[in-house]
1. Compute, for the stretch 32-110, the length of the dipole vector about the Cα centre, with Cβ point charges of +1 (Lys, Arg) and -1 (Asp, Glu) only. Units Debye, rounded to 20.
2. Determine the gain in length on full extension of the stretch D196-K161; use 0.36 nm per residue of separation and subtract their C-alpha separation, reporting nm with one decimal.
3. Please report the net charge: other residues with Cβ closer than 15 Å to the Cβ of L76, K and R +1, D and E -1.
4. Counting Lys +1, Arg +1, Asp -1, Glu -1, what net charge surrounds D189 among other residues with beta carbon under 12 Å of its beta carbon?
5. Quick check on the stretch 40-208: what are the equivalent-ellipsoid semi-axes from the Cα gyration tensor, as sqrt(5λ), descending, whole Å?
6. F65: net charge of surrounding residues, Cβ under 11 Å, Lys/Arg +1, Asp/Glu -1, itself excluded?
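Each reported figure results from applying straightforward, stated rules to the coordinates on display, with no laboratory input. Here the structure is a predicted model, which is why all the values come from computation and not from measurement. Positions of Cβ are backbone-derived with ideal geometry, glycine not excepted, and every protein chain shown enters the neighbour counts.
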Amino acid sequence: MAGRWPVLMPSGLLVWIVCCTWAAQQSVAASSPYGANMTDLMHHVEFFDENKDGIITITESVKGFIAIGCDPAFALTAATSTHAAFGPLTTPPGKLPSTNIHVSHINGAVHASDTGAYDKKGNFVPKKFERIFQRFARTEPDALSWLEVETMLTANRDLLKPWTWPAAELEWQLIHFLGKDRHGYLHKDTLRGIYDGTVFPKLRDHTIDPHSAHSDA
C-alpha cells in the first residue's frame, strides 16, 4: 500500500488543482457582468463601461471619448450617434430597446457592409483583418488613407441591405479620426489595437499618440 502513495499523491494533487481552478473560473464568471469568455468585440467596448456593470450609457461613452482625446462637443456627437445606432441592437431579449449598449449582447451590433474582421459572435478574424490592407492599402502597405477607407466602404456595401451602409460609415469615420497619424494614415498596428480595445487605455494614459506615431513613415 505504501508503495502506491508516490503514484496516488501526484494524481490526487492534480485533480485537486484542476477542481480549484475550475471553481475559481466559475466564481469569476459569476461575478463578472461580461461572463467568462469575452469576445474581441466585448474587449473593444469594455473601456467605455466606466463602472464595469456591463451596460454602457451615453454619459459613460462621452467620458470615454473625452478621456482618449476627443473634445467635448465631438464626444457628445459621437456618443449620441453611436448609442442611437447600436443601443437597440444590443438590448437583451425581453427588455425594452434603449440607447444603452449592453456589453454581453454587443455581437448584436455586428452588421453587413463591414469588413468581416469580427464574426457574428464578435470574435476577431485575422484573415479578414489582413485582407483590409491587402485589398485597399495602396499608398502605404500597412496603412489606410481616408480615401482608401472610403473605397473599402463602397466595396463592402451589401446591395441588399442599404440600411447597413450608414453604420459602417459612422464606425469608420470614428476609427479613422481616432487612429490616424499626422499624415492622415490609419496604421495596421493602431487599427488592431482598436479592434481589441487595447489602444484606448494607452490613449487615455498618453502612452501612445497615433497622431504623431509613424511620422517618418
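1. 180
2. 9.9 nm
3. It works out to a net charge of -1.
4. 0
5. Semi-axis lengths for the stretch 40-208 are 24, 20, 14 Å.
6. 0
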